[in-house]
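The values are calculated or read from the model by the stated rules, or taken from the named source; none is laboratory data. Model, not experiment: these values are computed from the prediction. We place every Cβ from the backbone using ideal geometry, glycine too, and count neighbours over all the protein chains shown.
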Amino acid sequence: MPCSRGAASPNAHTQRRLFAASAGYCQNPNCSNELFVDAAGKSIHIAEMAHVFAAIDGGPRTNRALSDEERGSFENLVMLCANCHTMVDKASEAFPDSTMLNWKREHAHKLQALFGAVAFSDRAHARQAIEPILSENLAIFRQYGPHIEAACNPESGAADQWKRKMLTRILPNSRRMLAILDANRPLLIADEKATLEQFRQHIDDLEAFHVEDSREDASRFPTALTQILED
């Protein structure tokens, strides 16, 4: 797994994040390879950190606008088995950056769906499961959102702080809420089901903007979500 790409090589913290995000499996959704294999009494790993945009100019999916640090960042790396890493680099035209980023997102969604997405017997318990997550996201938005005064100052660092909060807290929280609400869809009334689908599109738009750097405007947060499952 080591990489000798200088600043484009991920640091130890980024490597730990990648392993945590992979949960020990290749992040290609069409591959079920475990990244740690027991063989001959030893535990070996076949994990490789694949750059979405190449570590060096002229490599697979080159983006010359990126700095070395950006090329070695968590956002520009996907954890793959050795076979899939070879495949995406040797046939890069068939595996553009959008495909690789989507793999990473879908892998995260699968993991999130495995944890905390319990089907409850009544609306009150389902509401109890999502209310703390809603509250945390709202508190983060109020303190760090793009509407705050510091966001108007490009030298304040507020924009970077908001993006970090979006990537590390709001988006994972939102995916967790989606998993819980999907598991409890039979408890929702018609209007709430419509709100759920609006929220799903809102999160998809936010991920496209903050993860994939899409310049399209995101749909607005459906305010009715704050009252979902309340009686």
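Quick notes on this one:
- For segment 168-205, filtered to residues that are more than 18 Å from the chain's Cα centre (by Cα) and among the charged types (D, E, K, R), the residue that is farthest from residue 106 (Cα to Cα) is 191.
- Subset of segment 41-95 that is farther than 17 Å from residue 14 by Cα and of a type in the set (Lys, Arg) - its residue that is modelled with the lowest pLDDT: 42
- The lone criterion from (1) charged (D, E, K, R); (2) closer than 18 Å to residue 31 by Cα; (3) assigned by TED's automatic domain parsing to the domain that holds residue 47; (4) within 19 Å of the chain's Cα centre (by Cα) left unmet by residue 90 is number (4).
- Single unsatisfied condition, residue 146 versus (1) without any contact (Cβ under 8 Å) to a residue 40 or more places away in the chain; (2) over 24 Å from residue 105 (Cβ atoms); (3) not in a helix (DSSP H, G or I); (4) not basic (Lys, Arg): (2)
- Within the option set 197, 192, being in a helix (DSSP H, G or I) and surrounded by 14 or more Cβ atoms within 10 Å (Cβ to Cβ) holds for one residue only, 192.
- Within segment 150-188, if we keep just the residues that are of a type in the set (Asp, Glu) and at pLDDT below 85, the residue that is surrounded by the fewest Cβ atoms within 10 Å (Cβ to Cβ) turns out to be 155.
- Scanning segment 91-117 for residues that are aliphatic (A, V, I, L, M), in contact (Cβ under 8 Å) with a residue 12 or more places away in the chain and not in a loop (DSSP other than H, G, I, E, B) turns up 100, 101, 108, 111, 113.
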